[in-house]
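Participant: Please read through the structure below; I'll follow up with questions.
The values are calculated or read from the model by the stated rules, or taken from the named source; none is laboratory data. Treat the numbers as computed from the prediction; the structure is a model and nothing was measured. Heads up, the Cβs are rebuilt from the backbone with ideal geometry, glycines too, and the neighbour counts pull from every protein chain shown.
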Amino acid sequence: MTDPQNPQPGPQPYPAAQNPQPYPAAQNPQPYPLAQNPAGGQPYYPMPGYLPAPQPKGLSTASMVLALVSVVFGFTFLLPITALILGIVGLRREPAGRGMAIAGVVISGLILVVWAILLIVLLVVGLSAFGIAVSQTTS
């Protein structure tokens with residue numbers, strides 16, 4: 001047993017270090033140059049600059065996503081119109097998302113042009129078929 005009045009140290013778990021410093025000295029101890037305090041006193045480290053807050057891009061992103069989705073689901077006439085409106089609003093309000101807004105406007109505009117051509121072709125074919133049917137019944 002050990003005597004509580006005179007404790008003996010136990011075995012050391014690690015050998016004594018050869019280097020008196022436990023950690024090597026830093027290569028660059030001052031990451032920022034010291035600035036002089038205008039009121040006198042001790043020099044100080046200046047605060048690093050902050051990054052600006054990210055600008056919103058929600059409308060532009062939604063316009064591009066809806067335009068791309070309307071390529072696959074183009075039978076819904078509502079998606080390209082919504083993408084076109086969001087793209088135009090995104091161009092005016094969000095300068096950071098200008099590229100995505102332009103992509104949304106162009107893609108949804110092309111899809112709406114295809115819709116218009118299909119409607120005109122169907123209307124012409126339908127009217128010509130109706131005209132042929134009417135002319136055959138009257139003769």
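Participant: Would it be correct to say that Ile111 is modelled with pLDDT of 85 or more, farther than 12 Å from Leu59 by Cα and in contact with a helix residue (DSSP H, G or I) (Cβ under 9 Å, 6 or more places away or on another chain)?
Facilitator: Working: modelled with pLDDT of 85 or more: yes; farther than 12 Å from Leu59 by Cα: yes; in contact with a helix residue (DSSP H, G or I) (Cβ under 9 Å, 6 or more places away or on another chain): yes.
Yes.
For every residue, the table says whether it meets (1) touching a Cys at 6+ places or on another chain (Cβ under 7 Å); (2) at pLDDT below 70; (3) of a type in the set (A, V, I, L, M, F, W, C).
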| site | (1), (2), (3) |
| --- | --- |
| Pro46 | no, yes, no |
| Pro56 | no, no, no |
| Leu59 | no, no, yes |
| Ser63 | no, no, no |
| Ser70 | no, no, no |
| Ile85 | no, no, yes |
